[in-house]
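So the structure is just underneath, and the comments pick up after that.
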Amino acid sequence: MYFCNVEWKITHIVETDSTNQYIKSLKEGNVVVADYQTAGRGCGTNSWESERGKNLLFSMILHPSDVLASQQFILSMANALALRDALADYVDDVKIKWPNDIYWKDSKICGTLIETTLKGNHISDCIIGTGFNVNQRVFRSDAPNPVSLFQILGHEVECKEVLEKVLANMSKYMELVKNGDWEKIRDSYRHHLYRLEEMHYFRFGDGTEKYCKLVNVTDDGHLELLHDNREIYRLAFKEVQFII
């Protein structure tokens, strides 16, 4: 399986602290898949609950040196679309919750942590770590709204099959990145946004809640909310929360 001109090289391990940490010294196109993570993380200080051997836990490493640091959200968009498209082969009502969670209806099925390192103004390394709830039957943490593919479908799905779909889609979208066809990625990402053009309450960084319409995600990754049909809030990650 190829990313642009690089073959995906998949390494399977039984256990690690974090696939993102494990993969840091490897070359582009490597994918590390673990049955279990002892220190799996979400964004910020969040942890990721996953029963041993039941879900898809993996990281991939890319070296997109042509992408400027200021343009790095295009990689998040490409990855979110790859995950969304893979899941959409199994179920309907799949959306991307800004910035890069994958939702089925109002429940979270995928989470991603992206770590980049820079060389000058460009990205030298991009590590994308994903937890994809595939076959877990019960969630016991205090995460508010997890769901698995098993819970939706009522039967198990091979994690290897799901991974192959994700990587095939990632190859497709990263080829668009390489060729400069970024508007195709941006348009598709916006088209599949969770709660796009809908009115909902959002919680802001100061604790206040406001009834707003989600109108856009900018090219650099900011969420735009329209309040009272007159005021646009342009917000970075962690400056606002969805109220589900």
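Just so it is clear, none of the values below were taken in a lab; they were calculated from the coordinates. Computed from a prediction, not measured in an experiment: that's the story for all the values here. Reconstructed Cβ throughout: ideal geometry from the backbone, glycine too, with neighbour counts over all protein chains shown.
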Q) Most fluctuating residue of Arg230, Arg190, Arg137 in a GNM of the chain with Cα springs under 10 Å: which is it? A) Arg230
Q | Cα-centre dipole for the chain with unit charges at Cβ (Lys and Arg positive, Asp and Glu negative), debye to 20 | A | 180 debye
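Beyond 31 Å, what share of the Cα-Cα pairs of the chain remains, rounded to the nearest whole percent? Don't skip to the end; give the middle numbers.
Details: 6179 of 29646 pairs.
So the pairs more than 31 Å apart make up 21 percent of the total in the chain.
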Q: Report the label-to-label distance for Arg190 and Arg230 in nanometres (one decimal), using points 7 Å from each Cα along the Cα→Cβ vector.
A: 2.5 nm
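Remind me, relative contact order of the stretch 199-242 in percent, using alpha carbon pairs under 8 angstrom and six or more residues apart? Walk me through the intermediate numbers first.
Values: 74 pairs, mean separation 15.3, N = 44.
Computed over the stretch 199-242, the figure is 35 percent.
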Q: Would you kindly state the longest site-free stretch of the chain, with sites defined as GluC sites (Glu not before Pro) in a DSSP loop (not H, G, I, E, B) surrounded by at most 14 other Cβ atoms within 10 Å?
A: 1-155
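Among Lys105/Lys213; Lys95/Lys119; Lys24/Lys108; Lys95/Lys160; Lys24/Lys178; Lys9/Lys97, which pairs are too far apart, with a Cα-Cα distance over 24 Å?
On the way: Lys105/Lys213 18 Å; Lys95/Lys119 33 Å; Lys24/Lys108 27 Å; Lys95/Lys160 22 Å; Lys24/Lys178 22 Å; Lys9/Lys97 29 Å.
Among Lys105/Lys213; Lys95/Lys119; Lys24/Lys108; Lys95/Lys160; Lys24/Lys178; Lys9/Lys97, the Cα-Cα distance tops 24 Å for Lys95/Lys119; Lys24/Lys108; Lys9/Lys97.
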Q: Using +1 at the Cβ of each Lys and Arg and -1 at the Cβ of each Asp and Glu in the chain, identify which of His12, Ala39, Met77 lies farthest towards the dipole's positive end.
A: Ala39
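Relative contact order, percent, of the chain when contacts are C-alpha pairs under 8 Å separated by at least 6 residues?
Details: 494 pairs, mean separation 43.2, N = 244.
Answer for the chain is 18 percent.
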Q) For Met77, Met60, what's the fewest-to-most ordering of other Cβ within 10 Å of each Cβ? A) Met77, Met60
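Using the Cα gyration tensor of the stretch 199-242, with a ≥ b ≥ c the square roots of its eigenvalues, what is the shape: rounded (a/c below 1.5), prolate (a/b larger than b/c) or oblate (neither)? Show your work: numbers first, answer last.
On the way: a/c = 1.91, a/b = 1.11, b/c = 1.72.
Oblate is the answer for the stretch 199-242, as a/c is 1.5 or above yet b/c matches or exceeds a/b.
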